Amino acid sequence: MTADNNMRQNAIYLDHSATTPVHPAVVAAMAPFWAEQFGNPSSHHRIGYQAARAVEKARRTVAEVLGTDPETIVFTGCGSESNNLALRGAMTASKAAGRGEHLIVSAIEHSAVLETARQLRDYFGYELTILPVDRFGRVRISDVEAAIRPETALISVMAANNEVGSVQPWAEIGALARSRGVLFHTDAVQLVAARQWQLNAEPVDLMTIAPHKFYGPKGVGILVVRSGVDLVSSQTGGSQENGRRAGTLNVPLIIGAAEALRLAAAEREERLAHVLPLRDRLLAELPAALPDQCIVTGHPTERLPHHASFAFRNLSGNDLLIHLDVAGIAAGSGSACSSGDPKPSAVLQALGLSPEWTTGGLRLTVGAQNTDAEIDYTLGKIVEIVLKLSALEAGYQVVA
Ligand SMILES: Cc1ncc(COP(=O)(O)O)c(C=O)c1O
């Protein structure tokens, strides 16, 4: 079997911003909580107390890693749910208290924020400002400042963008919000594992985390809610999570979430040292090999350490993904939720790219198991596929 065939059989996974494999230590940490320590943490007997103690230990671990207090940690079902709870919960509480009903988000938020914000506007009568971004996908502080009104209750700007990798000036936006008495939520799903947090000293009132993006399990999310922030629960029922999220706690996944976050912090330097050079090769070598067809999207330096994103002239990102998959490479075009959608990317449009670039987005996000040899193979395959698709495209234009 040739090396090429070998590569094709062993898929090269370059979609770590969509999700990651679960770390073996996380699998091991969760194992006892499926069938042995299976109790309901709300139950009043020893088996329940055992589960409750395990959850509270996990909560303390999460809080310690993030530099906050255990009471601020709310376990949810995913990152999308955390975003929903942050926006709906804070806006409903503000309205109920007779405070403002105006919400500010950015144009390149994940759909779990953007669609929630639009629904709050269209079905519930809240006022919404959607901030533009610059050509690197970053929100301008002056735009935030201009958008704040006396009735603004919440600003939600993501810590880093999933599609183009740009890290937002989240700390400046948070500080501005605080100085104006406005709550600040940040969707930190993509950034959380890449930096050390000291949330007690940082201007963040609500923060969203999704453990499956850093070698934790799917089906669990975290929302950090600073003490004193009023939040009306969206999912009503029992009084779990201090009345902020009803439903029997998913003990194994909560244990896995905490272990994944602990490991992300413990192994951060090692992980960054592994992914950065691989990511830098992609960012440098792909546009150099395809100078007329390929540009880097997002910010050149203020970007996620494992994230490389590109736009290809007059190509369909979906065609690229399919050809890459056939070649044994798993890549992404942006948000995992919208992959497979042939429309121009709203994020690339928000960056101000012209239509010839907005359908051809590609995202390559590297992880712990990727190697230099995989990057060599991937670069070669992308160049080959893009040249082939561009030639076909040019042929169609001549015929048309
Ligand atoms: C920035 C961002 N926010 C939210 C989410 C949604 O997280 P989940 O898949 O856990 O619902 C994602 C997932 O792609 C994301 O990238």
Exercise for the section: Would you confirm whether any residue within the stretch 141-150 is at pLDDT 95 or above, assigned by TED's automatic domain parsing to the domain that holds R226, within 16 Å of the ligand (Cβ to nearest atom) and not hydroxyl-bearing (S, T, Y)? Expected result: no
Handout entry: Matching residues, the stretch 76-113, being more than 16 Å from the ligand (Cβ to nearest atom) and hydrophobic (A, V, I, L, M, F, W, C)
Key = A90, M91, A93, A96, A97, L103, I104
Problem - Test for A177: is it away from the ligand (no atom under 16 Å from the Cβ) and more than 30 Å from M30 (Cα to Cα) - result: yes
Fill in the blank from the handout: With criteria (1) at negative phi; (2) in a helix (DSSP H, G or I), N242 comes up short on (1)
Exercise for the section: Looking only at the stretch 217-224, decide whether some residue is out of contact with any helix residue (DSSP H, G or I) (no Cβ under 9 Å at 6 or more places or on another chain), more than 13 Å from the ligand (Cβ to nearest atom) and aliphatic (A, V, I, L, M). Expected result: no
Handout entry: Subset of the stretch 180-207 [in a helix (DSSP H, G or I) and either farther than 21 Å from G367 by Cα or more than 16 Å from the ligand (Cβ to nearest atom) (or both)]
Key = L199, N200, A201
Handout entry: Long-range neighbours under 7 Å by Cβ, at least six apart or interchain, first residue under 10 Å from N83 (Cα atoms) within the stretch 95-115, second assigned to a strand (DSSP E or B) and of a type outside the set (A, V, I, L, M)
Key = H110/D187; V113/S156; V113/D187
Practice task
Show the residue pairs that are 6+ apart or on different chains and have beta-carbon atoms under 6 Å apart, the first residue being within the stretch 63-89 and closer than 16 Å to R118 by Cα, the second being within 11 Å of the ligand (Cβ to nearest atom) and not polar (S, T, N, Q).
Solution key: S80/A112; E81/G221; N83/A112; N83/V113; N83/D187
Exercise for the section: Please find, among R88, R135, R149, R59, the residue that is out of contact with any His (no Cβ under 6 Å at 6 or more places or on another chain), farther than 29 Å from H306 by Cβ and of a type in the set (K, R). Expected result: R88
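The values are calculated or read from the model by the stated rules, or taken from the named source; none is laboratory data. Here the structure is a predicted model, which means the values were calculated and not measured. When we count neighbours, we look across all protein chains shown, and the Cβ atoms used for this are built from the backbone with ideal geometry, even at glycine.
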